[in-house]
């Protein structure tokens with residue numbers, strides 16, 4: 001029966017401990033997943049509180065156990081003289097027990113549990129002895145009434161400290177309740193310590209993890225910073241190199257353009273391209289080309305009255321205007337020799353309109369020279385006059401030699417054009433019979449007859465005075481109108 005009662009008490013105690021453990025961990029909002037210092041401090045505070053409650057219950061249990069032992073001792077004294085020695089021993093034990101102070105925070109929990117179990121065992125033994133003594137006392141009541149000598153309780157327990165007013169049944173019930181509460185508190189303490197250990201370990205792991213993450217973050221940040229710095233540095237170096245390369249390329253392009261421009265000032269475009277690509281330029285034959293020569297009469301006399309710089313400046317400005325006129329009329333400048341100027345049409349790209357271009361250019365050149373002469377005369381300065389000759393025919397053109405390349409033309413057409421210039425008159429455009437036959441329907445021409453030319457004998461020559469009025473855009477008959485060009489394209 002006792003074993004069964006203790007078994008049920010154990011089940012109740014276990015269920016209460018489990019319920020209390022669940023209450024502490026969950027019901028009391030101790031979330032093990034909440035890993036922080038505040039939760040650990042709460043667990044520590046709770047553990048201190050439970051240990052204090054356990055200490056109170058242990059003290060209460062000791063007092064109740066002392067009272068139970070005192071009651072058993074009185075019963076032994078009242079029962080039989082032969083048990084006086086045992087009662088005295090029990091009384092001494094009670095006095096020693098009263099001097100013991102248990103501190104749950106210093107003593108081991110297992111020792112407290114063992115002491116509580118021994119107390120329960122002693123209470124059980126005392127209860128058995130009391131039961132046996134009651135039987136013996138019932139049998140010997142009449143015989144021992146006069147002989148039993150019980151010392152006063154004050155002499156054993158001192159001024160009734162054991163609480164005689166408490167009934168036997170109440171003391172046993174309180175003692176049992178105290179033992180149950182002690183066991184519950186032990187279970188709570190164990191649970192709290194486990195939770196605290198878990199929290200502390202987990203928090204340490206979390207700190208270590210955070211520290212690891214921090215170190216990893218620093219390492220990653222350092223690596224990324226190094227990569228970014230290297231990328232920035234490489235990009236900066238690359239940009240700088242690209243800038244220098246672009247500048248160098250730009251300078252190279254500028255120098256190349258200068259070289260090309262200089263080459264184009266010396267050679268026609270197609271000839272210059274051929275020379276750059278092949279290193280040589282082939283000499284070509286042109287069936288129809290027109291050559292124009294100019295020369296200044298009185299150049300030597302006027303030049304003697306000028307400083308060298310003035311001479312070069314005047315001659316340069318004059319030839320610069322000739323270059324402009326030649327370019328506007330699709331002619332190609334060949335060269336200048338002293339005060340002589342030579343250009344040709346119909347090359348390096350062959351065409352059929354070159355006689356018209358050359359005659360129009362000649363009229364414009366003589367008009368420019370007339371303006372310059374009039375302006376210098378108003379300033380009281382002398383100025384030279386211009387003779388101009390034109391001839392049309394076949395010739396060859398190209399670049400010969402390996403140094404100081406120059407584009408030049410050769411043939412009888414060139415020689416005849418030179419004789420047209422030397423046999424002409426200042427301010428006039430002197431053309432040959434070949435050129436006259438091509439342009440006579442569009443220009444007003446004046447036949448000069450047969451004129452003696454050095455090395456050529458007498459040849460037919462003509463002065464071109466102006467464009468015919470219906471083909472002229474201006475009153476002087478120098479600039480051609482749209483009708484002129486429309487007819488020229490029809491002829492070509």
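See the values below:
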| quantity | calculated |
| --- | --- |
| Sequence of 376, 387 once ranked by neighbouring C-beta atoms within 10 Å, starting from the fewest | 376, 387 |
| For peptides 242-249, 429-436, sequence by mean Cβ density within 10 Å, most packed first | 429-436, 242-249 |
| Rg to Rh, two decimals, where the stretch 412-492 supplies the alpha carbon set and Rh follows Kirkwood | 1.02 |
| Packing-based exposure ordering (other Cβ within 10 Å, fewest first) of 290, 307, 66 | 307, 66, 290 |
| Ellipsoid equivalent to the stretch 283-491 - semi-axes via the Cα gyration tensor, in Å | 26, 22, 17 |
| Ranked 444, 277, criterion: other C-beta atoms within 10 Å, fewest first | 277, 444 |
| Residue 48-residue 231 FRET efficiency (beta carbon distance; Förster radius 51 Å; 0.05 resolution) | 0.30 |
| Nearest-0.05 FRET efficiency for residue 262 and residue 352, computed from C-beta distance (R0 41 Å) | 0.85 |
| Rough spin-label spacing in nm, given labels placed 7 Å along Cα→Cβ, for residue 56 and residue 381 | 13.0 nm |
| Segments 452-464, 255-267 sorted - mean Cβ within 10 Å per residue, highest first | 452-464, 255-267 |
| Three-way shape call for the stretch 255-296 based on the alpha-carbon gyration tensor, with the a/c threshold at 1.5 | oblate |
| Principal axis box of the stretch 196-255, alpha-carbon based, largest edge first, Å | 85, 8, 5 |
| Ordering of 478-487, 339-348 by burial proxy (mean other Cβ atoms within 10 Å per residue, highest first) | 339-348, 478-487 |
| Whole-Å distance, taken between Cα centres, linking the stretch 384-427 and the stretch 243-317 | 17 Å |
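Read-outs throughout are calculated quantities, based only on the coordinates presented, and are distinct from any laboratory measurement. What you see is a predicted model, and the numbers here were worked out from it, not measured in a lab. Reconstructed Cβ throughout: ideal geometry from the backbone, glycine too, with neighbour counts over all protein chains shown.
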